[in-house]
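The values are calculated or read from the model by the stated rules, or taken from the named source; none is laboratory data. In this text, all values refer to a predicted model and were calculated from it rather than measured experimentally. Note: ideal-geometry Cβ built from the backbone for every residue, glycine included; neighbour counts use all protein chains shown. When the accessible area is computed, the model is the full protein with side chains, heavy atoms only, and any ligands, DNA or RNA have been set aside. Shrake-Rupley method; radii C 1.70, N 1.55, O 1.52, S 1.80 Å.
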Amino acid sequence: MISIPFLRRIRNKFIATYLIVLLVPVVAIGFYSINFTIDYLENDALKVVEQQAEITAKEIEKSLGVAESDIDFLSQSASLRALADAKNRRSVIEYIIYRERLIEEFYNFANSKKAYSSVVYIDEAGKEVVKIVYNWNQTFIATTSALYDVSDEEYFQKTMTLSRGQLYVSSLDLTSTIKTESGDLIVSYAKPVFDSNGIKRGIVLISFPAQRVLSPILELSARSNLNTFILNKQGYYISKVGSSSLSNPYYAGESFIDQYKAEGFLKILSGTSGTISEGTDQIIAYSPVFPSSTDRNNFWIVVVTYSTNTLFEPISIFENSFILIVMSTIIIAVFFGVIMADRITRPLRKLVYASRSLAQGDLNPKIDIDSEDEVGELAKAFGDMSKDLKKSYEDLERKVKERTLELQKANKKLSETNIELVELNKKISEANKLKSQFLANITHELRTPLTSIIGFSEVVLNEAKLNEEQADYLETILRNGEILLKLINDILELSRLDAGKSKLYLTEFNLQDAINKTLKIVSPLSKDKNIWISLNVQDIENVVADEDKIIEVLLNLLTNAIKFNVEKGKIAVRAFRIDDHVRVEIEDTGIGIKKEELDIIFDEFRQLDSSETKAYRGTGLGLSISKHYVELHGGLIWAESEPGKGSTFIFEIPIEAEEEE
């Protein structure tokens with residue numbers, strides 16, 4: 001085999017291969033040519049489409065300007081002013097004469113224009129006085145029975161608020177009342193009418209189908225193979241090319257914006273001109289149309305689109321030719337690549353066989369490679385590596401044996417420790433169970449005699465004749481007995497909760513009624529401290545939960561809010577919906593809680609250890625029980641506070657709680 005010095009190095013062999021095939025230059029040139037052509041055609045199309053949109057918008061504004069001039073002309077009619085003056089003077093004969101003149105004038109106007117579906121004069125009370133209707137190429141004068149009271153119509157109410165010279169144009173958006181006639185959207189222009197004394201005497205109104213006026217302009221625009229249509233400022237169609245009327249009113253779902261989900265298309269509704277070419281297979285240009293020369297907030301949008309498939313059709317032909325060139329280049333590259341790869345991979349294959357032997361445990365494989373290039377150097381380095389690997393393997397085996405022995409000893413010790421932990425955990429569980437049983441038994445034994453004490457105290461207090469001092473002592477016994485009974489009941493309930501015996505009794509109830517019921521219970525406490533309580537319930541009616549437990553939670557939180565509040569303080573109760581949960585917030589203006597104590601206030605028998613709270617009596621069970629109740633519903637409860645500024649206790653539960661299995 002002939003040895004070529006230049007090809008002794010792998011790097012030079014690959015350089016020679018790529019120089020022969022010239023694959024990279026061909027691909028780079030073709031890619032650049034295609035992208036340059038695409039950018040050029042796209043920029044040129046953008047200019048054409050943008051110009052078309054602006055020209056169409058100007059033509060439409062020009063057409064609508066005629067309607068604005070016509071309504072201005074009609075509002076200044078001498079016959080109209082004379083009719084208003086006659087009505088003001090209450091001259092019946094003059095009123096009839098001028099009304100006939102106005103009918104003739106409106107009739108001639110509508111018959112000559114042939115563009116307006118109706119021309120109407122409406123007095124200040126909202127009653128149609130003169131009405132001319134143009135339909136099916138005929139002009140009709142509305143009879144007295146066909147004149148209606150339109151005082152509730154939007155166009156009348158808004159026009160009557162305008163001053164002299166101002167113009168009303170129907171906006172055709174979803175916030176307004178939409179008028180249609182035979183499937184066409186109706187556009188209305190109106191102006192107020194004033195008598196000789198400057199007093200507003202009604203309005204004059206002209207109406208026309210949007211499609212009848214706009215379609216000829218759009219059809220003319222469509223001759224350039226561009227899709228053209230008009231939207232209202234919410235993105236719904238007002239007029240389309242190629243149809244006498246819309247299949248449905250635009251507010252029934254024919255939306256241009258809904259076809260495109262990208263946010264970039266919302267700028268079409270901004271009231272400015274522009275283009276869009278990204279995120280769609282069409283080039284889109286848009287330009288606003290202002291039906292009124294005085295109102296820039298009411299506008300339509302002319303949209304012109306052009307398919308990029310049509311635009312880039314010549315490029316497809318070039319791409320096919322370019323693919324043939326690339327394929328030919330690839331064939332040449334493969335031919336030379338096979339020759340070069342054979343010379344490169346033969347010694348590499350020998351190295352692969354040697355590495356496989358090494359992987360199978362032969363730490364001294366034979367490598368027969370006689371080469372002066374990098375592969376030869378690699379073979380030599382591979383041989384040296386196998387020798388070092390053999391030595392390292394022997395050292396590693398020795399260290400593994402030593403480490404294994406150490407791990408066995410450590411594992412034995414860990415097993416012994418684990419057995420001790422299991423025994424300790426069992427003892428803790430038994431102690432906790434005994435604690436719960438003890439609390440349940442002792443509270444049960446205490447509640448029976450205490451109930452009797454409270455009952456007898458009430459009987460003696462209500463029926464026996466006692467002096468003031470005796471009654472006072474007995475009331476003290478009764479009050480403290482009730483406090484002690486509440487403590488015992490709380491301990492019993494807490495014991496049941498710890499044992500998992502407390503269950504939910506789910507019913508559907510009105511949350512606001514439950515809150516009001518709780519507020520009535522605590523109202524004597526709030527009145528004693530002159531505390532003002534506000535309630536705000538939003539977006540919530542009924543919930544499915546355990547009503548008694550929810551009332552108990554509310555009662556605990558409200559009692560604390562009153563107890564730890566200042567004299568003449570405030571409490572705000574808020575309830576509102578968050579997704580499928582309801583949140584209740586109880587905010588007070590009391591003494592507040594330190595940040596480090598917020599995480600422990602829901603623990604059992606936990607009371608705040610501070611001089612400010614020692615004056616307030618309590619068992620420390622109310623918040624713990626409330627937490628258990630909320631968590632039984634699958635909810636959360638927490639507190640937010642700042643010392644000296646009050647606290648906010650918040651809990652969330654599902655609107656429809658589910659019973660635990």
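Give LYS47/LYS113; LYS47/LYS267; LYS390/LYS413 a once-over and call out the pairs whose C-alpha atoms are over 25 Å from each other.
LYS47/LYS113; LYS390/LYS413
Between ALA78, SER112, VAL92, whose Cα lies farthest towards the positive end of the dipole of region 70-116 when Lys and Arg beta carbons carry +1 and Asp and Glu beta carbons carry -1, centred on the Cα centre?
Value: VAL92.
Can you give the charge dipole size of region 72-171 about its Cα centre, rounded to the nearest 20 debye, using +1 on the beta carbon of Lys and Arg and -1 on the beta carbon of Asp and Glu? Display every interim value, and only then the final one.
On the way: 12 positive and 13 negative charges, 48 e Å.
Dipole of region 72-171, to the nearest 20 debye: 220 debye.
Give me the net charge for the shell around ASN43: Cβ to Cβ below 14 angstrom, other residues only, Lys and Arg +1, Asp and Glu -1.
Taking every Cβ under 14 Å from that of ASN43, the sum is -4.
Throw me the Rg/Rh for region 503-654, computed over C-alpha atoms with Kirkwood Rh, two decimals.
With Rh from the inverse mean 1/r over Cα pairs, Rg/Rh is 0.94.
Could you tell me whether region 110-151 comes out rounded, prolate or oblate from its Cα gyration tensor? Rule is a ≥ b ≥ c as square roots of the eigenvalues, rounded for a/c under 1.5, then prolate if a/b exceeds b/c, otherwise oblate.
Numbers: a/c = 2.99, a/b = 2.00, b/c = 1.49.
Because a/c hits 1.5 or more and a/b exceeds b/c, region 110-151 counts as prolate.
Using per-residue counts of other Cβ atoms within 10 Å, averaged over each peptide, order 158-171, 628-641, 85-98 from highest down.
Descending mean neighbour count gives 628-641, 158-171, 85-98.
Give me the accessible area of PHE73, 1.4 Å probe, in Å² rounded to the nearest 10.
Counting only protein heavy atoms, PHE73 exposes about 120 Å² to solvent.
Based on Cβ point charges of +1 for Lys and Arg and -1 for Asp and Glu, what charge dipole magnitude is obtained for region 503-654 about its Cα centre, in debye rounded to the nearest 20?
The dipole magnitude comes to about 680 debye.
When ligands, DNA and RNA are left out and all protein chains stay put, how many square angstrom of accessible area per residue does region 503-654 have with a 1.4 Å probe?
52 Å²
Roll a 1.4 angstrom probe over the protein heavy atoms and tell me the percent of accessible area of region 503-654 that is carbon or sulfur.
Numbers: 3760 of 7980 Å².
Here it works out to 47 percent.
Just grab the label-to-label distance for ASN542 and ASP580, each label 7 Å out from Cα along the Cβ direction, in nm (one decimal).
With each label point 7 Å from Cα toward Cβ, the separation is 1.9 nm.
Keeping all protein chains in position, work out how much accessible area ASP281 exposes to a 1.4 Å probe, and write it in Å² to the nearest 10.
Only protein atoms counted, so the area is about 90 Å².
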